[in-house]
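These notes concern the structure reproduced below.
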Amino acid sequence: MSAYPTIPLPDFREYPIAEMRSRLEDFYSEVSRRRTLRDFSDRPVPRDIIETALKAAGTAPSGANLQPWHFVVISGAETKKKIREAAEVEEREFYEHRASPEWLAALEPLGTDSSKPFLETAPYLIAVFLQKFGELPDGRKVKHYYPVESTGLATGILITALHHAGLATLTHTPSPMKFLNEILGRPKSERPFLLLVAGYPADDAEVPDISRKPLEAFTSFIED
Ligand SMILES: Cc1cc2nc3c(=O)[nH]c(=O)nc-3n(C[C@H](O)[C@H](O)[C@H](O)COP(=O)(O)O)c2cc1C
């Protein structure tokens, strides 16, 4: 018997190889349609859709299972406006002073600038926070291990879940993002990780004409 409590592996599913291939082809085809959107419609999205996508995000693996993330879902016009205003201050500073010429050159194909109207148009902003440490009910601190990696994985699942539901997202990182702690009342132990914008595309939405690396360019296999 194990020294710690265990349960039988719940609900693992194995598929015949042909089915495995076809499931993965379907999944790849689905995720490859995902594009970062910057032109959102204000069409509402039911809150339970966002909640289920967040539940999916909460299944992510995490260092020592400490689940070091917190998601703040913003749908109110007043808070969205505050976030847009604060983000645009940082973004203006970024585009006009802080960004290196190399960084600006890398952003050029995306056509982004300091104006962020989607922060008010889209029905949901989801502020993702990474918890550097947790707190026990008695106030003691618990160190979190690999919070960056863990929160990144949870966010990846969230983006994929929202896409799977037929919604579009924008991964937004106004830098620095400390203003999110103030506006959203989150503690110092939490670091803003990114701001996810979610909703439907505007009718005339366009995206940058960019490409993805082919498999060979980002993968190596060692078979001996
Ligand atoms: C960590 C991270 C930060 C990003 N920050 C921004 C951002 O602040 N503003 C923006 O317009 N896009 C941002 N993006 C979106 C990328 O520009 C986009 O993912 C990339 O151009 C590829 O396009 P695709 O997502 O449509 O495949 C970010 C993406 C990631 C992963």
ask   = At each listed q (0.18, 0.22 Å⁻¹), what is the log10 of I(q)/I(0) that the Debye formula gives for the stretch 123-224 modelled as equal alpha-carbon point scatterers?
value = -1.04, -1.24
message = Please report the antiparallel percentage of the DSSP beta bridges confined to the chain, to the nearest 5.
response = 95
ask   = Based on Cβ point charges of +1 for Lys and Arg and -1 for Asp and Glu, what charge dipole magnitude is obtained for the chain about its Cα centre, in debye rounded to the nearest 20?
value = 820
task = Rounded to whole Å and ordered largest first, report the semi-axes of the equivalent ellipsoid of the stretch 1-77 derived from its Cα gyration tensor (root of 5λ).
result = 32, 24, 11
ask   = What share of Cα pairs, in percent, lie more than 32 angstrom apart in the chain?
value = 28
request  = Taking DSSP loops as anything outside H, G, I, E and B, show the longest stretch in the chain free of trypsin sites (Lys or Arg not before Pro) there with at most 16 other beta carbons within 10 Å.
outcome  = 36-131
Nearest-0.05 FRET efficiency for Glu51 and Glu96, computed from C-beta distance (R0 45 Å) = 0.70
inquiry  = Suppose each label sits 7 Å from its Cα in the direction of the beta carbon; what would the Lys132-Arg21 distance come out to in nanometres?
reply    = 5.1
message = What FRET efficiency comes out for Ile7 versus Thr59 if R0 is 22 angstrom and r is the Cβ-Cβ distance? Round to the nearest 0.05.
response = 0.85
query = Can you tell which of Ser115, Asn181, Tyr4 lies farthest toward the positive end of the dipole of the chain, using +1 and -1 charges on the Cβ of basic and acidic side chains (Lys, Arg; Asp, Glu)?
reply = Tyr4
key: Relative exposure of Met177, Met20, judged by other C-beta atoms within 10 Å (fewest first)   = Met20, Met177
request  = Write out the GluC sites (Glu not before Pro) in the stretch 131-216 meeting two conditions: DSSP loop, and at most 15 other Cβ atoms within 10 Å of their Cβ.
outcome  = Glu206
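List Ser175, Ser211 from most exposed to least, where exposure is judged by having the fewest other Cβ atoms within 10 Å.
Listing Ser175, Ser211 from fewest to most nearby Cβ atoms yields Ser211, Ser175.
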request  = Go ahead and run the numbers for FRET between Asp209 and Glu182, Cβ-Cβ distance against an R0 of 41 Å, rounding to 0.05.
outcome  = 0.65
inquiry  = Let me confirm the definition first: pairs of Lys residues in the chain, 8 or more apart or on different chains, C-alpha distance under 26 Å. How many are there?
reply    = 28
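Only the coordinates and a few stated rules stand behind these numbers; no lab work does. Computed from a predicted model, the values in this text were never measured in an experiment. Note: ideal-geometry Cβ built from the backbone for every residue, glycine included; neighbour counts use all protein chains shown.
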